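The values are calculated or read from the model by the stated rules, or taken from the named source; none is laboratory data. Note that the structure is a prediction, hence the values are computed from the model and not measured. So basically every Cβ, Gly included, is an ideal-geometry build from the backbone, and we count neighbours across all protein chains shown. These accessible areas exclude ligands, DNA and RNA; they are computed on the full protein's heavy atoms, side chains included. Shrake-Rupley method; radii C 1.70, N 1.55, O 1.52, S 1.80 Å.
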Amino acid sequence: MCAFEAVFLYNRSMKPMSEEIAVHQFNSNNPGSKITFFGGIHGNEICGIRALEEISNKFNSGELKLRKGTLMILPCCNPG
């Protein structure tokens, strides 16, 4: 079960702002690896964005559960 989910918005200088790179973080509360998935690095590659949004939604709904470690998902790293 995911014990924590947060979405933070950062601008490119990594200062919290309203310009928008969403970061979804899921913690299992059990020791384990930390992994980050990045999508949307290139503006014309939208399949990865959609896939990571779907994965995030499944964690948020409880359909997927993290057993160990921490997962961070950045669905769209290049919103411009």
Using a 1.4 Å probe on the protein chains only, how many percent of the accessible area of the stretch 25-80 belongs to carbon and sulfur? 54
What are the residues whose amide H is under 5 Å from the amide H of ALA22, where those residues sit 5 or more places off or on another chain and H is modelled from the backbone? CYS76
Output ³J(HN,Hα) for the stretch 52-69: one whole-Hz value per residue in order, computed from phi by the Karplus curve 6.51 cos²θ - 1.76 cosθ + 1.60 with θ = phi - 60°, and x for Gly and Pro. 5, 4, 5, 4, 4, 4, 5, 5, 4, 7, x, 5, 10, 10, 8, 7, 9, x
Sort 65-77, 44-56 by packing, meaning the average of other beta carbons within 10 Å per residue, with the highest value first. 65-77, 44-56
